[in-house]
1. Would you please classify the overall shape of the chain from the alpha carbon gyration tensor, given that a ≥ b ≥ c denote the square roots of the eigenvalues, rounded means a/c under 1.5, and beyond that prolate means a/b larger than b/c while oblate covers the rest?
2. If I stretch the segment between Ala260 and Ala338 completely, what's the gain in nm (0.36 nm per residue apart, minus their alpha carbon distance), one decimal?
3. Quantify, in whole percent, the carbon and sulfur part of the accessible surface of the chain (1.4 Å probe; protein heavy atoms only).
4. Rounded, prolate or oblate: which fits the stretch 213-326, taking a ≥ b ≥ c as square roots of the Cα gyration tensor eigenvalues, rounded meaning a/c under 1.5, else prolate when a/b beats b/c?
5. By the gyration tensor of its Cα atoms, with a ≥ b ≥ c the square roots of the eigenvalues, what is the shape of the stretch 131-194: rounded for a/c under 1.5, prolate for a/b over b/c, or oblate?
6. With unit charges on the beta carbons (Lys and Arg positive, Asp and Glu negative) and the dipole taken about the Cα centre of the chain, which residue among Val8, Ile320, Gly334 sits farthest to the positive side?
7. Report, in deg cm²/dmol and to the nearest 500, the calculated mean residue ellipticity at 222 nm for the chain, where each DSSP H run with n ≥ 4 adds -39500 (n - 2.57) and the sum is divided by the residue count.
8. Under 17 Å Cα-Cα from Lys255, which lysines qualify once same-chain neighbours fewer than 8 residues away are excluded?
Amino acid sequence: MPLTAGIVGLPNVGKSTLFNAITKAGVEAANYPFATIDPNVGVVEVPDKRLDDITQIVQPKKTVPTTFEFTDIAGIVKGASKGEGLGNKFLANIRQVDAICQVVRCFEDDNITHVDGRVDPVSDIETINLELILADLESIDKRLSKTSKMAKAKNAEAMAELEVLEKLKEALEANRLANSVEFSKEQEPIVKSLFLLTRKKMLYVANIGEDEVADPSSNPHLQAVQALAEEQGAQVVPVCASLEEEIALLDEAEKAEFLADFGLEESGLDRLIQASYALLGLGTYFTAGVQEVRAWTFKLGMKAPQAAGVIHSDFERGFIRAETMSYEDLMKYGSEHAVKEAGRYRSEGKDYLVQDGDIMLFRFNV
């Protein structure tokens, strides 16, 4: 199952508009026959200039980018952790995603009513985070009741878990997210088993006005979000959702011209895709031949056989070696033959850690 980032936000912050842009920019599901796409899942191509550069050199019959999924999460209101609004659905959906993209309103528009009657993105973030914290606290309290009894009986596993639970409870009660708490390598599996919402990786999507796209830093609401995110060690991606919805309908030539008019080299949606991709610790390797140049998503830290398994399980099961060159070397020398002549073409074994940008040919036998 591919990793996915969930898009969350309060009413009227631009969450639906942004997701509309994602789905309009999305690839045809028919191109990916093994993927069943739900109505609330948008699949987008991961923009990567390296794929275009490799294509220019190899001149294949076709080029296939890798993809990334965004999931549209049910809207949230105050009291969601207690079942208010679509609270239960919100919490159930957010448990299924691997990272959270919080859309916060950073634009002024008298025609669009804010749920709280004022534009205050920091307050919006605090509202959503509080609901996640309260939901996590409820989970922790239920677990504590059982674990503390076992710990009193000197059960070693329960005692280790109790230490983790108490540390998390203290942080959550202080309105701190679980992902702000540091744990030892031995404690991490315990934390992971709790499936906490505030342990998920998170970034903030600041929805700005069209007149601020060329210079987002002048927006005081964005500045406030950036200050909060810095405290949390989180990232902020400014976008104009309404503009992204328009851009998503354009072909590549029109898109480039449209962005140039605003003094931009890439769209906010492209930046969001790249930031979400990186947030989840994902990388891209490439396969390149005259039939096809293709980008593949892998989890950073994967060894060569596991990365080969991204293409097909047989590649992993029968892995022999990975013939590898780097994107940088291909660009430097201009062809695979020249890379080999320079002694930069490598044969990597089962213990090789695949690097972002590797161009690979897997040898296998089953």
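1. Values: a/c = 2.24, a/b = 1.23, b/c = 1.82.
Because a/c hits 1.5 or more and a/b fails to exceed b/c, the chain counts as oblate.
2. Values: separation 78, 0.36 × 78 = 28.08 nm, distance 3.64 nm.
Once the chain is fully extended between Ala260 and Ala338, it gains 24.4 nm.
3. Details: 9280 of 18800 Å².
Carbon and sulfur together cover 49 percent of it.
4. Details: a/c = 3.62, a/b = 1.71, b/c = 2.12.
Oblate, because a/c is 1.5 or more while a/b does not exceed b/c.
5. Working: a/c = 2.26, a/b = 1.41, b/c = 1.61.
Cα axes put the stretch 131-194 in the oblate bin.
6. So the residue we want is Ile320.
7. Working: 14 runs with 151 residues, N = 366.
Rounded to the nearest 500, the figure is -12500 deg cm²/dmol.
8. In chain and number order, the partners are Lys24, Lys49.
The values are calculated or read from the model by the stated rules, or taken from the named source; none is laboratory data. Values in this document were obtained by computation on a predicted structure and should not be read as measured data. Note that each Cβ is placed from the backbone with ideal geometry, even for glycine, and that neighbours are counted across all protein chains shown. With ligands, DNA and RNA removed, areas are computed over all heavy atoms of the protein, side chains included. Shrake-Rupley method; radii C 1.70, N 1.55, O 1.52, S 1.80 Å.
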